[in-house]
Amino acid sequence: MEDKAARNVTLDYYKFFLSFWVVVIHMGPMFDSDIASWFTSESIARIAVPSFFVINGFYFANKVSNKREILGYLKHLLIIYTVWAIIYLKYYISADAVIFYYIMGFFHLWYVPALIFGIIMLVLLKKILKKDHVLLIIAILLYIIGYIMEFEATSLYEIRNGLFYGYPLITIGYCCRSMKLDKSIKPSYLVVLLLVGLVGLFVESYITYIMTAQSRDLYLSLLICSPSAILLMIKYPKYKTGEFYTTYLSHLGSAIYFCHFLVIREFTFFADKETIFRFPFVFLLTVILSVIIITINKRIKIFL
């Protein structure tokens, strides 16, 4: 029997991998070649944020019927979000922007309001509808609506929010656990689904490049490759104990997500160089800052 304090570090390593791609997305074009840059930041990298939502939904499944745990989780998310909103305040402070960006989320911080909204929506619909397959159908329909809307959207916030992005992916993660898909689906099937999803992602991304060359967040193939990859990680767990694994590695992906934009914005003296040469420097600094934040968070739990 595994130690209660042990963590599935397979999933933690995967979250670190996902955070790597988040930084890639926000660094800008990597290469002189437009198509190479596109496939770097607008294809495989787009699996990152949906996967974070799915992971949160998967582990939220154990809290969905416990009012105290739900309220405690939402309170914790709100505190974390407020702290990071204050940290990034100087980038959006103005009379007409503060309230909007606090509600919707400045730049990458949109993820937390979308997560909070998605969780609340899941809890409320769960009480009304009861049946998980109905919740899943609603989730997929909302995602498809958001996917269609993105073609005409004038603002990212129209579709990159809790309704069309957060709730659908959180619910998919929740259903993966409530329907015990992590136990019932064979690994070989998950590998096939993942490969199909990744091929679909490359095809969708390439079509988007040809048609508009405009960045997109919602790809239909992400509904397949994000959950199948996560279920594979859960199928092959590797448990570890000790402070490095239970404190630092477990929080590293989240810390990188929150602080990477700070590093990108503040270290602009490399702006005249190609992003591919700046990236290792920026990512290393982000990891170092993340470790500092995790260390502080051990005593003051307001950052992660």
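The values are calculated or read from the model by the stated rules, or taken from the named source; none is laboratory data. Predicted, not measured: the structure shown is a model, and the values here were computed from it. Positions of Cβ are generated from backbone atoms using ideal geometry, with glycine treated the same way; all protein chains shown enter the neighbour counts.
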Cβ-Cβ below 8 Å, separation at least six or inter-chain, first residue in the stretch 161-173 and over 19 Å from L231 (Cα atoms), second of a type in the set (D, E): which pairs? Y165/D217
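Out of Y91, Y81, Y14, Y101, report the one residue that is crowded, with 18+ Cβ neighbours inside 10 Å, in contact (Cβ under 8 Å) with a residue 60 or more places away in the chain, among the hydroxyl-bearing types (S, T, Y) and farther than 22 Å from K126 by Cβ.
On the way: Y91 fails: crowded, with 18+ Cβ neighbours inside 10 Å; Y81 fails: in contact (Cβ under 8 Å) with a residue 60 or more places away in the chain; Y101 fails: in contact (Cβ under 8 Å) with a residue 60 or more places away in the chain.
Being crowded, with 18+ Cβ neighbours inside 10 Å, in contact (Cβ under 8 Å) with a residue 60 or more places away in the chain, among the hydroxyl-bearing types (S, T, Y) and farther than 22 Å from K126 by Cβ holds for just one of Y91, Y81, Y14, Y101, which is Y14.
Could you tell me which of the residues H108, H76 is closer than 22 Å to V291 by Cβ, surrounded by fewer than 16 Cβ atoms within 10 Å (Cβ to Cβ), under 18 Å from the mean Cα position of the chain (by Cα) and modelled with pLDDT of 95 or more? Spell out the reasoning first.
Details: H108 fails: surrounded by fewer than 16 Cβ atoms within 10 Å (Cβ to Cβ).
Going through H108, H76 in turn, just one is closer than 22 Å to V291 by Cβ, surrounded by fewer than 16 Cβ atoms within 10 Å (Cβ to Cβ), under 18 Å from the mean Cα position of the chain (by Cα) and modelled with pLDDT of 95 or more: H76.
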Assigned to a loop (DSSP other than H, G, I, E, B), small (G, A, S) and over 27 Å from R177 (Cβ atoms) - does that describe any residue in the stretch 35-45? yes
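Report whether or not I116 is among the β-branched types (V, I, T), closer than 21 Å to A48 by Cα and within 17 Å of the chain's Cα centre (by Cα). It would help to see each step written out before you state the result.
Values: among the β-branched types (V, I, T): yes; closer than 21 Å to A48 by Cα: yes; within 17 Å of the chain's Cα centre (by Cα): yes.
Here the answer is yes, as I116 does meet what is asked.
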Tell me, please, whether a residue that is in contact (Cβ under 8 Å) with a residue 12 or more places away in the chain, in contact with a His (Cβ under 8 Å, 6 or more places away or on another chain), of a type in the set (S, T, N, Q) and under 28 Å from D34 (Cα atoms) can be found in the stretch 286-294. yes
Under the condition of being of a type in the set (D, E, K, R) and in contact (Cβ under 8 Å) with a residue 40 or more places away in the chain, which residue from the stretch 174-217 is nearest to W38 (Cα to Cα)? R216
